[in-house]
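Heads up: the structure comes next, in structure tokens.
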Amino acid sequence: MTGTTPPGPGGASRAEYCVIACAEAWRDGGEILASPMGLVPSVGARLARRTFAPDLLLTDGEAMLVGPDGTVEGWLPYRKHLELVAGGRRHVMMGASQIDRYGNQNICCIGDWAKPARQLLGVRGAPVNTLNNPTSYWIPKHSRRVFVEQVDMVCGVGYDRAAGAPYHRIPRVVSDLGVFDFATPGHTMRLVSVHPGVTVGQVREATGFDLMIPDKVPYTREPTVGELRLIREVIDPGNTRAREVPV
């Protein structure tokens, strides 16, 4: 089955649909700190701030709060940053070297952690992020190597391991094929939409576990004319988004 609503004639690229899908993660979030990791999520966060999420807080990656054009708006001391992180008032969009049906994420190693076949970033802040504030994921190359039956090491905590964590929530996973969430009775991953040009069969084939797939799967929301102008002319005129999604 393909999406049930055909895409419009806007001429948006796959990368631009991914930007829209990432931006939507911050819709209705209110005054929270956005922490996008990756080119496409960064463009998405700035687009959200300029359009439907004007209260979103952006940073320069260090200690300054900035506007969507990079203008400094305030200072974010480390203590205040930790208060936001630990109190559910931050929404981070991380990457994942592996992710499973419950949203457990691995960015540490491939293979047995005691003697891994490949060393990756390390656990980093993934446990704190996932247990203490909403965490979404951006995966630019959807494949069975990433969407796995069981992660080799749990870094970001999934729904099957997060009992009692008051701020744990995984709003969405965005890949270059579609959008996913965990709005199922068992909090297992569900296909929400496919990007135009992608079929449900392609998503199923590229996923290493059984996804919950509704009877009708729509296409990812199309960018508006205004959003495309902002993406192409204001936020990312250098087209850095195409480095992550060249299709």
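Rule-based calculations on the coordinates, nothing more; no lab input. Please read these numbers as outputs of a predicted model, since none were measured by experiment. Every residue, glycine among them, receives a Cβ derived from its backbone with ideal geometry; neighbour counts consider all protein chains shown.
Over all distinct Cα-Cα pairs of region 33-78, the Kirkwood formula returns a hydrodynamic radius of 10.6 Å.
Normalised by the number of residues in region 131-247, the average gap of Cα pairs under 8 Å and 6 or more apart makes the relative contact order 25 percent. Taking every C-alpha pair closer than 8 Å and separated by at least 6 residues, the mean separation divided by the residue count of the chain gives a relative contact order of 25 percent. Both radii were evaluated on the Cα set of region 96-247; the Rg over Rh quotient, with Rh as the Kirkwood radius, amounts to 0.99.
Note on region 8-55 and region 168-192: Cα centroid distance 17 Å, given to the nearest whole angstrom.
The Cα trace of region 86-164 gives Rg and Dmax of 12.1, 37 Å, the first to one decimal, the second as a whole number. If a helix is a whole DSSP H run, which ones in the chain reach 20 Å or further along their own axis (Cα) and hold a mean Kyte-Doolittle hydropathy of at least -0.5? Correct list, ordered by number: empty. DSSP bridge analysis restricted to the chain gives an antiparallel fraction near 55%, rounded to the nearest 5. For region 58-132, the relative contact order works out to 18 percent when only alpha carbon pairs closer than 8 Å and six or more residues apart are counted. Over all projection directions, the Cα-based convex hull of region 1-139 averages an area of 11.0 nm².
Relative to the compact-globule estimate of 2.2 N^0.38 Å, the Cα radius of gyration of region 200-247 comes out at 1.62.
Computed extension gain for LYS115 through MET37, at 0.36 nm per residue and net of the alpha carbon distance, reaches 25.3 nm.
Calculated translational diffusion coefficient of region 166-217 (20 °C, 1.002 mPa s; Stokes-Einstein with Kirkwood radius over alpha-carbon pairs) equals 186 µm²/s.
Ignoring lysines fewer than eight residues from LYS141 along the same chain, the ones with Cα atoms less than 29 angstrom from its Cα are LYS115, LYS216. Using the Karplus relation 6.51 cos²θ - 1.76 cosθ + 1.60 with θ = phi - 60°, the per-residue 3J(HN,Hα) values for region 111-123 come to x, 4, 4, 5, 8, x, 6, 8, 8, 10, 5, x, 5 Hz, with x marking Gly and Pro. Overall, the chain carries a charge dipole of about 240 debye about its Cα centre when +1 sits on the Cβ of Lys and Arg and -1 on the Cβ of Asp and Glu, all other atoms neutral.
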